[in-house]
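The structure appears below as structure tokens.
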Amino acid sequence: MKNSQEKEIGRKDIQNQNAYIPEEITADMFVKAPLDPRKSEEIGTPSVSFWKEAFQRLAKNRGSMISLVLLVLLIILAIIGPSMNEFTYRGQNIEHSNMPPKVQGLEWLGFDGKDAKGIDQYAEKNVKTNYWFGTDEFGRDLWTRVWKGTQISLFIAVVAAALDLIIGVIYGGISSFYGGRVDNIMQRIIEVLVGIPNLIVIILFILILEPGIKSIILAMIITGWVGMARVVRGQVLQLKGQEFVLASRTLGASNPRLIWKHILPNVMGPIIVTVMFTIPTAIFFEAFLSFIGLGLQAPLASLGVLIEDGYKSMRYFSYKLIYPAIIISTIMICFNLLGDGLRDALDPKMRK
């Protein structure tokens, strides 16, 4: 009984469905969509280049952006700081020696001109001029010397990193692009240089030459480019066998065109990241050499020289050590955080 009822209901459903199906499908039942054929190949979303997308990812990294802002501020102060008052980095005034820092309106932050014993040295010595970072044992203004030292340290680090960049990219690129016997010979040279302790090479080089900015820069680039050369070599070896490079070579592209148009733009990310980590390393080496007495000589100042001077008298005049130590620590931390952010931003694997 149930089966017969179900069959009858099924026949009625089929009849109802067939009632809605037209007997003949004609062309007038279809209407073309109002589309402009000229816009058929347009991209719906705006195109974003690799560098623009990398900057957008970097902008989302708060630590890197804060580091970038702090670095810009420190660089600006290093440039204009020495000229913000009437003192020079080498001008001496023995009567104003070892004056504590004093800034009008910032006494509540400790810039009140009082020494470790709580005595106002400006009132004791009847000094009318305020020294923002205090003075050293020769009466030289530490504000001017600190920013002049920052300027010199950044200059040494940037020049050393730029030379490492040029030498490392050229050396590593030639070694990996041509390969074979050329690569074997050039890599054996790098292995010899790596086997020699870097610090010993730098100290010997400075001892042979007179200590100064030129000798420090030359000493840093003796083996400093090796790391860059290895990074470039590894990247070029990876890219040299990619399909787009083989296709370009098949189409008749010359070696210079392959290098400048295809390989070099694709290795710029690792190169930039390596440079970001090279600069703080160079600043540290310069400060270390100055701290052990092999860096710049008086009256020139660098952050390492100022830290070495402040270390000698930090028990009674701690301000001599605090300000250069804060600046060099900030610079190194900011460069490292910015390098980490650039590494993530320039990595295609981080793309979402």
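The values are calculated or read from the model by the stated rules, or taken from the named source; none is laboratory data. All values reported here derive from a predicted model rather than from experimental measurement. Here the Cβ positions follow ideal geometry from the backbone for every residue, glycine too, while neighbour counts run over all protein chains shown. In case anyone asks, the SASA skips ligands and DNA or RNA and just uses the protein heavy atoms, side chains included. Shrake-Rupley method; radii C 1.70, N 1.55, O 1.52, S 1.80 Å.
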- Residue count, segment 210-221, condition within 20 Å of residue 291 (Cβ to Cβ) and either modelled with pLDDT of 85 or more or β-branched (Val, Ile, Thr) (or both), comes to 3
- Query: If a residue has to be assigned to a helix (DSSP H, G or I), open to solvent by less than 30 Å² (accessible area, probe 1.4 Å) and either touching a residue at least 24 places away in the same chain (Cβ under 8 Å) or not small (Gly, Ala, Ser) (or both) to count, how many in segment 202-218 make the cut?
  - Reply: 4
- From the options 144, 150, residue that is modelled with pLDDT of 90 or more, out of contact with any Phe, Trp or Tyr (no Cβ under 7 Å at 6 or more places or on another chain) and either under 19 Å from residue 308 (Cβ atoms) or among the polar types (S, T, N, Q) (or both): 150
- Query: With respect to residue 296, is the statement that it is closer than 20 Å to residue 88 by Cβ, at pLDDT below 85, among the aliphatic types (A, V, I, L, M) and open to solvent by less than 40 Å² (accessible area, probe 1.4 Å) true?
  - Reply: yes
- Message: Taking the condition of being of a type in the set (Gly, Ala, Ser), open to solvent by 10 Å² or more (accessible area, probe 1.4 Å) and in contact (Cβ under 8 Å) with a residue 24 or more places away in the chain, how many residues in segment 105-152 meet it?
- Response: 1
- Task: With the checklist (1) touching a residue at least 24 places away in the same chain (Cβ under 8 Å); (2) out of contact with any Leu (no Cβ under 9 Å at 6 or more places or on another chain); (3) not acidic (Asp, Glu) in hand, flag the one item residue 338 doesn't pass.
- Result: (2)
- Being touching a residue at least 24 places away in the same chain (Cβ under 8 Å) and within 17 Å of residue 281 (Cβ to Cβ), is that true of even one residue in segment 175-194? yes
- Candidates 258, 239, 264, 246 - the one that is open to solvent by 60 Å² or more (accessible area, probe 1.4 Å) and either closer than 16 Å to residue 172 by Cβ or assigned to a helix (DSSP H, G or I) (or both): 246
- Message: What pairs come out if I take residues in segment 244-258 that are touching a residue at least 12 places away in the same chain (Cβ under 8 Å) and pair them with residues that are of a type in the set (Gly, Ala, Ser) whose C-beta lies under 9 Å away, six or more apart or interchain?
- Response: 245/253; 258/248
- Query: Out of all the residues in segment 186-197, is one or more among the aliphatic types (A, V, I, L, M) and within 22 Å of residue 256 (Cα to Cα)?
  - Reply: yes
- Across (1) in contact (Cβ under 8 Å) with a residue 12 or more places away in the chain; (2) in contact with a Leu (Cβ under 7 Å, 6 or more places away or on another chain), residue 270 clears everything bar (2)
- Tally time: how many residues in segment 81-104 are touching a residue at least 40 places away in the same chain (Cβ under 8 Å) and either on the phi > 0 side of the Ramachandran plot or open to solvent by 40 Å² or more (accessible area, probe 1.4 Å) (or both)? 10
